[in-house]
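Working notes for the structure below.
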Amino acid sequence: MSELLEAVSRLRADDLPVRGGKVTAYVYDTGRPEVHEAAARVYFEMLETNTLDPTAFPSVVAMEKEVVGQVADVLGGGHGIFTSGGTESIMLAVKAARDSLDVARPSMVVPVTAHPAFHKAAHYLGVSVIQVPVSMETYQVSPDDVAAAITPSTIMVVVSAPSYPQGVIDPIEEVAALAAARGVPCHVDACVGGWLLPWLREAGAPVPPFDLSVPGVTSLSCDLHKFGYAPKGASVVLFADPAMRRKAYFASAAWPGYTVINATVQSSKSAGPLGGAWATMRALGREGYLELGRSTLKAALRLREGLAEVPGLRVLGSPTSSLIAFGASPSSGIDVFVLSDEARRRGWFVQPQLSYAGIPANLHITVTGVTLAGVEELLSVIAESAAAARERGPVEVPEGLVELVETLELDSLDDTAFASLASSVGVDLTGGGQPEMAVVNTILDALPAPKREEILVRFLSMIYT
Ligand SMILES: *Cc1c(COP(=O)(O)O)cnc(C)c1O
């Protein structure tokens, strides 16, 4: 056993730390180890239980009803499903909308700031995506633009509470009302905000109505493995109408084996994540979440204020949530991708976001319950990294490289050829402890989205070679 654990520890040596708040994306730490231990204990207890057959394991039904019930109580009611994550919740919401409406060539209306999970769901489910721009000041979608994009084939409109990139809440009441008037379902993507905004509101933040209590909202996704602080594999999708939830389900009796009735995309799966979410919610309770909400709000306000004081940097929009994006003014000489690498060298991870739909490249910070304790250190690391980035200047991509990549027929290269091409221009794609990502991000940033996607797929295939 100790050998196994040593091996794991060696494998994880270059991983970003999952606790402590220095990684401002991907992980959510309460700062209370006993909560994570309770989750791990119950996760382990439920590990080998299969959620496939609820009649075989009634504990699954009881736990799921408790978890989903709590989410529904806070977010305006409805009928839910416990899923493995935001992507699966969104997949089920799109499937339910598609199968409720039954139009010939289904499409959905999605702000450019909506999560790629909608594009993925659309791709898997044969739905096309109509993207709607957002304001370059507020980063919100305009209800008029959404209204204009709706056609007889629209099976759903999407709004976010908040959108991940800039942390702003779309005009949900207006969009939901206009969708309802046209008979179109409206999904609120509260994956990141669903278990955060209610506590921020109670702590004094001006959070507008965003949940199933808003007339016209037909479904909502809320990830518990984000601000629910549960181990990964935990999300809830809620439907206002139980008939719509049934459209998310899938049953098959078309074989001679056991009858299949699935609420989720996966069939056999561990009840561990459900147990972990259940235990986290019990261990924290309403008071625990509210307390985390208070410190999250404090940290977010301090961070916004502090960022405004760093020469050359500016916060994008006015985020209502605790997700903050900041960019560098063009005259500052600060390359945000270099800033990100500099911060990583100082032990902090801030997430680069590529430019898209007129929104400039920027850096993203998810402020959580533990951020407050280190917020001053974070601010000084950002200030130092900005100064260092100014000193180093923007990344210089070898002359002609972007044009070369843009015209490259990637299909004609195998993974090895791709890797040697990358290393010939000084880009090491093999991973490792402190990757310099600025060059990679700069090249990606200069390319159109479909080319970026092609390269990303190549990259993934390469690192798994
Ligand atoms: C994280 C997130 C998702 C997708 O969630 P996963 O759990 O990573 O599948 C969808 N929408 C928003 C706004 C998110 O922040």
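Only the coordinates and a few stated rules stand behind these numbers; no lab work does. None of the values given here were measured: they were computed from a predicted structure. Note that we place each Cβ from the backbone using ideal geometry, even for glycine, and neighbour counts take in every protein chain shown.
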For region 199-334, what value does the Rg/Rh ratio take when both radii are computed over Cα atoms and Rh is the Kirkwood radius, given to two decimals?
1.11
Does a label point 7 Å from the Cα of Arg246, set along Cα-to-beta-carbon, have any residues of region 87-109 with amide nitrogen under 15 Å, and which are they?
96-97, 99-101
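From the mean inverse distance of alpha carbon pairs (Kirkwood) and the Cα radius of gyration, derive Rg over Rh for the chain. Walk me through the numbers on the way to the answer.
Values: Rg = 22.6 Å, Rh = 23.5 Å.
Taking Rh as the inverse mean 1/r over Cα pairs, Rg/Rh reads 0.96.
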By per-residue mean of other Cβ atoms within 10 Å, what is the highest-first order of 342-354, 445-457, 275-287?
275-287, 342-354, 445-457
Within a Cβ distance under 15 Å of Leu339, other residues only, what is the Lys/Arg minus Asp/Glu net charge?
-1
Using only the alpha carbons, work out the radius of gyration and Dmax of region 245-315 in angstrom.
22.5, 69
I'd like to compare 144-151, 371-378: which one has the highest average count of other Cβ atoms within 10 Å, and what's the full order after that?
371-378, 144-151
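Kindly give the semi-axes, whole Å and largest first, of the ellipsoid equivalent to region 33-281, taking each as the square root of 5 times a Cα gyration tensor eigenvalue.
Values: eigenvalues 174, 105, 38 Å².
Value: 30, 23, 14 Å, ordered largest first.
For n ≥ 4 DSSP H runs only, could you compute -39500 (n - 2.57) per run for the chain, divide by its residues and tell me the 222 nm figure to the nearest 500? Don't skip to the answer; put the middle values down first.
Details: 16 runs with 205 residues, N = 465.
Result for the chain, helices only: -14000 deg cm²/dmol.
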Calculated diffusion of region 1-147, Stokes-Einstein form, Kirkwood radius summed over Cα pairs, 37 °C and 0.692 mPa s, µm²/s:
167
Rounded to 5, percent antiparallel among DSSP beta bridges of the chain
60
In sequence order, what are the phi-derived ³J(HN,Hα) couplings for region 313-322 according to the Karplus relation 6.51 cos²θ - 1.76 cosθ + 1.60 with θ = phi - 60°, rounded to whole Hz, with x for glycine and proline?
9, 8, 7, 7, x, 10, x, 7, 9, 10
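Using Cβ counts within 10 Å as a stand-in for footprinting exposure, how do Asp189, Asp73 rank, fewest first? Spell out each step's value before the answer.
On the way: Asp189 31, Asp73 9.
Taking fewest neighbouring Cβ atoms as first place, the list is Asp73, Asp189.
Counting only DSSP beta bridges with both residues in region 33-281, what percent are antiparallel, rounded to the nearest 5?
Values: 15 of 31 bridges.
Just about 50 percent of them are antiparallel.
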Using Cα centres only, tell me the gap between region 91-144 and region 373-414 in whole Å.
31
Highest mean packing first, using Cβ neighbours within 10 angstrom, the peptides 172-185, 388-401 sort as 172-185, 388-401
How many lysine pairs does the chain hold where the Cα atoms are under 18 Å apart and the two sit 8 or more places apart or on different chains?
7
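Counting Lys +1, Arg +1, Asp -1, Glu -1, what net charge surrounds Leu220 among other residues with beta carbon under 9 Å of its beta carbon? Could you put the intermediate results ahead of the total?
Details: positive: none; negative: Asp189, Asp211.
That sum, taken over residues with Cβ under 9 Å, equals -2.
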Note on the chain: contact order normalised by length, alpha-carbon pairs under 8 Å, 6 or more apart, percent, works out to 18
Calculate the spin-label point distance for Ile130 paired with Glu384, positioning each point 7 Å from the Cα along the beta-carbon direction, and give it in nanometres.
5.1
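Using a simple charge model, +1 on the beta-carbon of Lys and Arg, -1 on the beta-carbon of Asp and Glu, nothing else, what dipole does the chain show about its Cα centre, in debye to the nearest 20? Mind dumping the intermediate values first?
Values: 34 positive and 51 negative charges, 212 e Å.
It works out to roughly 1020 debye.
Can you sort Tyr28, Tyr258 from fewest to most other Cβ atoms within 10 Å of each residue's own Cβ? Walk me through the numbers on the way to the answer.
Values: Tyr28 26, Tyr258 9.
Ordered from fewest to most neighbouring Cβ atoms within 10 Å, Tyr28, Tyr258 come out as Tyr258, Tyr28.
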Cα-based Kirkwood hydrodynamic radius, region 298-437, one decimal, Å:
16.7
